[in-house]
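Quick note: the coordinates plus some simple rules give every number you see, no bench work behind them. Just so it is clear, the model here is predicted, and its values are computed rather than measured. Because the Cβ atoms are built from the backbone with ideal geometry, glycine has one as well, and the counts that use them run over all protein chains shown.
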Amino acid sequence: MSSLRNGIFSNRILWAAVISWAIAQTLKTFTSLITEHRIDWSKVLGPGGMPSSHSAFVTSLAVAIGLTEGWDSGMFAVSFVLAAVVMYDAAGVRRAAGKQARVLNQLMTIMLTEGHLPATKLRELLGHTPFEVVMGALLGTAVAWLMLRLRRG
């Protein structure tokens with residue numbers, strides 16, 4: 001048990017990423033109050049929404065590694081590339097899939113009203129707008145910086 005206490009539970013890099021993710025997921029729940037005029041508890045663990053928890057997670061990881069291992073380290077390079085891929089995917093591929101799901105749902109509604117198709121609805125909110133990705137990245141950066149600076153202070 002002491003190896004866990006001295007290992008995973010004391011890993012500030014990991015905790016910065018996890019805490020960034022948790023804060024982003026919680027914020028998504030309450031930003032739905034502004035956009036949808038209600039608290040949407042399904043966003044606690046769901047994809048999409050403001051801010052991007054994926055972006056917060058990977059950016060916090062990269063910044064925490066940069067602060068501890070050095071900005072010129074191989075670990076930072078790997079985490080930076082991972083963050084770039086995840087954020088590109090969140091704002092690009094997953095967002096496009098969500099738009100396609102919306103169109104398919106509209107077609108299925110038409111088919112349903114005509115009696116040609118059983119009711120099956122696709123998830124439409126899969127990705128993020130570029131603004132949501134940037135806000136997630138800023139959140140992740142702030143959390144990593146605060147956690148790593150508090151450690152030294």
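Net length available on complete extension from L138 to D72 is 21.7 nm, with 0.36 nm assigned per residue and the Cα-Cα distance removed.
In terms of packing, defined here as the mean over residues of other Cβ atoms within 10 angstrom, the peptides 49-60, 71-82 line up highest first as 49-60, 71-82.
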